[in-house]
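Report on one structure; see the data block that follows.
The values are calculated or read from the model by the stated rules, or taken from the named source; none is laboratory data. The shown structure was predicted, so the numbers you read here are calculated from the model rather than taken from an experiment. Glycine gets a Cβ as well: all are built from the backbone with ideal geometry, and neighbour counts include every protein chain shown. Ligands, DNA and RNA are excluded from the accessible area calculation, which covers all protein heavy atoms including side chains. Shrake-Rupley method; radii C 1.70, N 1.55, O 1.52, S 1.80 Å.
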Amino acid sequence: MENEKPELLKTAMVAIIGRPSSGKSTFLNTACQEPVCIVSPMPQTTRNAIRGIVNTSLGQLVFVDTPGYHQSEKKLNLRLKSITEEVLEGADCVLYVIDASREGGEEEKLTASLIKKYQNRTIVAVNKVDLAASSVKRARAFVKNELPEIPEERVLEMSAREDQGINEVLRALYSISPVAPAMYSEDFYTDQDMQFRISEIIRGEAINRLDQEVPHAIYVSVADIEKRNDGNKLWIRAFLCVERESQKGIVIGKGASKIKEIRQAALKALRAVYDYKTIELDLQVKVDKNWRQKDFTLGNILGR
């Protein structure tokens, strides 16, 4: 972004919307230059409205990464859809991320339909332009057909993974943002509390090491966080919760090899985020039978 400081700073709450695996979380991590969200090839890993904060000479953009929007009548997916809809309603601006490597189809049309009434405050980012399978022309034609009130200059191209076009997307968002005081201090890049952040780090390392349906059947419960040795040590006890006994064995692995792998990867990620001399993680696996059908558990996980 440019170095000169403008007289009037912009501030906006920006809802990021897109179908599963469109690159929303990758964009947010790249824009914030910090690991705010889980990034995984597994679709629908984002379950909460996660905030990432970008501060530049132009002002402050508070991004809210929403769960990938798709059609499903399962209880968990219905909750995720409602999160996306609520975030859109309260946002100053919308960033619509389209995966240029995939054809639109009904899922993309469903996502686009959500923002039809917000076209006057929407920026479109055509993502994954670095991939050989991508078609920017196809993506632009889709936007023109489904969201005709969005002018062409507000449809930009980027590769969130390769950090290409990110600054241009940020400038476009600032251009439609209101003049307002910052919501957070300049040194903030997320407003996630420690318990949530730790649980997401552990869940991210778990789902990237598990296959098929198991990643979607996992949630993380952080039971204890203690600061010991005059604040030099962070001690954490957490549970990887699964739906069935058979899944517990998969997560633990032969000779406890899989849970050990997840624990070691989570510790490495935690040490990159938190500045403690020592971090210890007691990580166990337990069964919470059919948790995706329990309103109480879903409420705790999704914060509503």
Overall Cα dimensions of region 95-158 - principal axes, largest extent first, Å: 33, 25, 16
FRET efficiency, 1/(1 + (r/R0)^6) with R0 45 Å, evaluated for Q195 and E152 via beta carbons: 0.55
Those chymotrypsin sites (Phe, Trp or Tyr not before Pro) in region 182-240 that DSSP places in a loop and that have at most 10 other beta carbons within 10 Å: none
Residues of the chain: accessible area per residue with a 1.4 Å probe, Å²: 48 Å²
Region 213-304: equivalent-ellipsoid semi-axes (sqrt of 5 x gyration tensor eigenvalues, Cα, Å): 26, 17, 10
Difference of contour (0.36 nm per residue) and Cα-Cα distance, T278 to A180: 31.2 nm
Accessible carbon and sulfur surface of the chain relative to its total accessible area, %, 1.4 Å: 47 percent
Listed residue pairs exceeding 21 Å between alpha carbons, taken from K117/K137; K248/K289; K81/K294; K10/K128; K233/K258; K24/K258: K117/K137; K10/K128; K233/K258; K24/K258
Computed label-point distance, nm, for sites K248 and K260 using a 7 Å Cα→Cβ extension: 2.1 nm
Cα-based Rg / Dmax (Å) for region 168-266: 18.8, 58
Radius of gyration, Dmax [region 81-194; alpha carbons; angstrom]: 15.0, 43
Descending semi-axes in Å of the chain, equivalent ellipsoid built from Cα gyration tensor: 34, 24, 17
Whichever aspartates and glutamates have a C-alpha closer than 12 Å to that of K277, once near sequence neighbours (fewer than 8 apart) are set aside: D230
